[in-house]
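Enquirer: Right, I'll just put the structure down here and ask away after.
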Amino acid sequence: MAPSDTPPSAEDLPSQGELALFAPPATAEDALVPASMVNAWIYCPRLAVLEWGRGEKARSVDLIAGLRAHQATESGPTPALPDPMVLREDQSLKTRRLSLSSERLGLTAELDLLDVEEGMVIPVEIKVGKRPSVDEGAYLPERAQVCAQALLLREAGYTCLEGALWFAESRERVTVDLTEALVTATLVATSDLRLTVASGRLPPPLDHSAKCPRCSLLPICLPDEIAWFRKGSIARTPPPPASPALPLYGQTPGARIGKKDYTLVIQVEGEADRSLALDEISEVVLAGPVSLTTPAIHELLRREIPVAWMSSGFWFLGSTGGQGPRSAAVRTAQYALAGDERRRQAFARDLVSAKIRNGRTLLRRNWRGAEAERQIALDRLARLAERATTAETTACLLGIEGEAAAVYFRAFPQLFTQAVTTLPAFAFERRNRRPPADPVNACLSLCYAVLTRTLSSALSIAGLDPWKGFYHTERPGRPALALDLIESFRPVLADSTVLMVLNNGEIGTNDFLYAGGGCALKPNARRGLIAAYERRLDQETTHPVFGYQLSMRRLIQVQARLLARFVSGDIPRYPHYCPR
């Protein structure tokens, strides 16, 4: 006889002191728990809530391998599953991609494969990797996922006495017995996940668990980083390996980007077509009149690869895709923090102090002028950084920031080599923009624009609203939160890139156009500066708080996630990036 798949009645349940209440049956308005999330909840409750309750996703090597393993089962047509009332006892067949749901169970599932043998159905779940060496043939999370599928089949009226797991790497099939204990564990996991998501609570991360390093959501969950704030120590788990995916920039007027199979095809008049694998693209940046076909947009949206739309002068216009989790939880917390004067002001003080300290660090490391002038500038910036931490009003903070900027940019020419300073075209007196009046300002403006785009994308993917800041005021077309986050990164990413290309002679005096009182880079020089910026992102740094090494590109993603954890209340303060 098949184990019962009915949620326990009130009389059957232990007291509240022994067991939490079961979730009631779902309604038409309630989201149903996917069977895969039953697996995730048993494996790690925080993973399940982040992925299902908060809509977080992350591309990983394991995830891509899993998708390919599932795609291998989808070749060719398959027969439809007959209605249970007409399914004959002697009938056998195989079918794929079957969708099932039950409001009573609160479950939904899309079955990879379904075997029908002599009138009985067997759900088969496909897993990457080898069969584990355990007595049950598979771990509880995977068996519970299959059990959830079996319960849905029973609910639909089919006879289902067992399930199965297929391990693609070892090519082994494991039978899953639907025992009373497994059914109960599956129903309890489903109920607990629904109740937790309904409460809005995010479970704490696992503590130094061996499960974490292989988890696709490790860069989002940040278990060790959160543990540092709670315990003052960190397990120094190495960050996930760097993704081979990189941004694709399109800035040639009239260029067309389309899709063919699993690649993007770039077409420029008079040039041979070029193809790039979609797996190698982290985002697409289009500046000016560059066309992106509808099929390409659809594929990028499906893969959640963001597309940044920019003017020919690299003013950020907006973005599509890559909008992060399908949940407003983080943004709701962000808006609440923006209305909390005490927390918002504390964030702004730390922000301005970090910006000044990082500018001071750049001057200290790259100074080429007189030592006496260097020390005067460093001392003034140190005092201003300290004053920023105790500023009582936004107006006071703006005054400190403005004074520090004047000191910093007055000293900025002392960072150029003699070969640069002797060229009149590279004379730099002050920061100006809209439009930049000289080559140095043109380079700075372009780097700031590209950095703003990078940060806007990272913030969106982390679930934050780039347009709602805590320090910069809101203005149409101005991503205030990205401009907040950019402050500590301006010196170490944008300004350092400009210094690198000018001091190394990568950009010369003939690489600029002058018109209407403004200055702009020629197309080839713009490509060179963007390439240098991307190289800077690939350089490694040591995180000043957590001590591990990672690329600047990965650092931006970590900082955006930490900001999301800060606004959500997981950590007490946001650790601005300040290299030693």
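Enquirer: For A437, indicate whether it is hydrophobic (A, V, I, L, M, F, W, C), touching a residue at least 24 places away in the same chain (Cβ under 8 Å) and not in a helix (DSSP H, G or I).
Expert: yes
Enquirer: Could you please give the count of residues in segment 388-420 that are under 15 Å from T361 (Cα atoms), surrounded by fewer than 21 Cβ atoms within 10 Å (Cβ to Cβ) and within 35 Å of the chain's Cα centre (by Cα)?
Expert: Looking only at that region, the number is 2.
Enquirer: Identify, from the list R527, R535, R553, the residue that is crowded, with 16+ Cβ neighbours inside 10 Å and not hydrophobic (A, V, I, L, M, F, W, C).
Expert: On the way: R527 fails: crowded, with 16+ Cβ neighbours inside 10 Å; R535 fails: crowded, with 16+ Cβ neighbours inside 10 Å.
After applying the criteria, what remains is R553.
Enquirer: Is it the case that T541 is on the phi < 0 side of the Ramachandran plot, β-branched (V, I, T), assigned to a strand (DSSP E or B) and under 25 Å from the mean Cα position of the chain (by Cα)?
Expert: Taking the combined requirement at face value, the residue satisfies it.
Enquirer: Taking only pairs six or more apart or across chains, which ones have beta-carbon atoms under 6 Å, a first residue in segment 293-322 that is closer than 25 Å to S445 by Cβ and not assigned by TED's automatic domain parsing to the domain that holds P435, and a second residue that is at pLDDT below 85 and among the polar types (S, T, N, Q)?
Expert: P306/S319; V307/T320; A308/S319
Enquirer: Let me ask you something else. Give me the pairs, please: first residue somewhere in segment 416-434 and assigned to a loop (DSSP other than H, G, I, E, B), second residue anywhere and of a type in the set (D, E, K, R), beta-carbon distance under 8 Å, and either six or more positions apart or on two chains.
Expert: Close Cβ pairs satisfying both conditions: F416/R368; T417/R368; A427/D438; F428/D438; R430/R410; N432/D438.
Enquirer: Which one of V121, V176 is among the aliphatic types (A, V, I, L, M), out of contact with any Ser or Thr (no Cβ under 8 Å at 6 or more places or on another chain) and outside any helix (DSSP H, G or I)?
Expert: It is V176.
Enquirer: Working carefully through the options R410, R383, R431, find the one that is of a type outside the set (A, V, I, L, M, F, W, C) and farther than 18 Å from S488 by Cα.
Expert: R410
Enquirer: If you don't mind, another one. Taking segment 127-155, which residues are β-branched (V, I, T) and either touching a Ser or Thr at 6+ places or on another chain (Cβ under 6 Å) or over 15 Å from S36 (Cα atoms) (or both)?
Expert: V134
Enquirer: Could I ask something else about it? Just for strands (runs of 3 or more DSSP E) wholly inside segment 275-323: which have at least 1 residues that are small (G, A, S) and surrounded by fewer than 16 Cβ atoms within 10 Å (Cβ to Cβ)?
Expert: Numbers: elements: 281-287, 307-310, 316-320.
Here the list reads 316-320.
Enquirer: Answer yes or no as to whether A48 is in a helix (DSSP H, G or I), modelled with pLDDT of 85 or more and surrounded by 13 or more Cβ atoms within 10 Å (Cβ to Cβ).
Expert: Judged against the criteria, A48 is a match.
Enquirer: Counting only residues that are crowded, with 23+ Cβ neighbours inside 10 Å and among the small types (G, A, S), how many does segment 475-493 have?
Expert: The qualifying residues number 2.
Residue by residue, here is whether (1) surrounded by 20 or more Cβ atoms within 10 Å (Cβ to Cβ); (2) in a strand (DSSP E or B); (3) touching a residue at least 40 places away in the same chain (Cβ under 8 Å); (4) not hydroxyl-bearing (S, T, Y) holds:
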{"position": "D115", "(1), (2), (3), (4)": "no, yes, yes, yes"}
{"position": "L151", "(1), (2), (3), (4)": "yes, no, yes, yes"}
{"position": "G163", "(1), (2), (3), (4)": "yes, yes, yes, yes"}
{"position": "S170", "(1), (2), (3), (4)": "no, no, yes, no"}
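Enquirer: State whether the residues of segment 443-466 include one that is without any contact (Cβ under 8 Å) to a residue 40 or more places away in the chain, in the same structural domain as R357 (by TED's automatic domain parsing) and not polar (S, T, N, Q).
Expert: Within segment 443-466, one or more residues are without any contact (Cβ under 8 Å) to a residue 40 or more places away in the chain, in the same structural domain as R357 (by TED's automatic domain parsing) and not polar (S, T, N, Q).
Enquirer: So, one more: Restricting to segment 365-380, name every residue that is in a helix (DSSP H, G or I) and closer than 19 Å to R490 by Cβ.
Expert: Taking segment 365-380 and keeping what is in a helix (DSSP H, G or I), we get 365-366, 371-380.
Correct list: R365, N366, A377, L378, R380.
Enquirer: Mind checking which residues of segment 324-356 are surrounded by fewer than 22 Cβ atoms within 10 Å (Cβ to Cβ) and charged (D, E, K, R)?
Expert: R326, R331, D340, E341, R342, R343, R344, R349, D350
Enquirer: Let me ask another. Does segment 467-511 hold any residues that are under 17 Å from T422 (Cα atoms), free of Cβ contacts under 8 Å to residues at least 60 places away in the same chain and assigned to a loop (DSSP other than H, G, I, E, B), and which are they?
Expert: N504, E506, G508
Enquirer: So how many residues does segment 293-316 have that are among the hydrophobic types (A, V, I, L, M, F, W, C) and out of contact with any Ser or Thr (no Cβ under 9 Å at 6 or more places or on another chain)?
Expert: 3
Enquirer: Can you tell me which residues in segment 95-113 are surrounded by 15 or more Cβ atoms within 10 Å (Cβ to Cβ) and under 12 Å from L81 (Cβ atoms)?
Expert: T95, R96, L98, L100, L111, L113
Enquirer: I'd like to check something: does segment 468-479 contain any residue that is assigned by TED's automatic domain parsing to the domain that holds A348, modelled with pLDDT under 90 and at positive phi?
Expert: Yes, segment 468-479 contains a residue that is assigned by TED's automatic domain parsing to the domain that holds A348, modelled with pLDDT under 90 and at positive phi.
Enquirer: State all residues of segment 130-169 that are within 32 Å of the chain's Cα centre (by Cα) and of a type in the set (S, T, Y); if no residue qualifies, say none.
Expert: To start, the set of residues in segment 130-169 that are within 32 Å of the chain's Cα centre (by Cα) comprises 130-132, 138-149, 165-169.
Matches in segment 130-169: Y139 only.
The values are calculated or read from the model by the stated rules, or taken from the named source; none is laboratory data. Here the structure is a predicted model, which is why all the values come from computation and not from measurement. Using ideal geometry, Cβ is built from the backbone for each residue, glycine included, and neighbour counts are taken over all protein chains shown.
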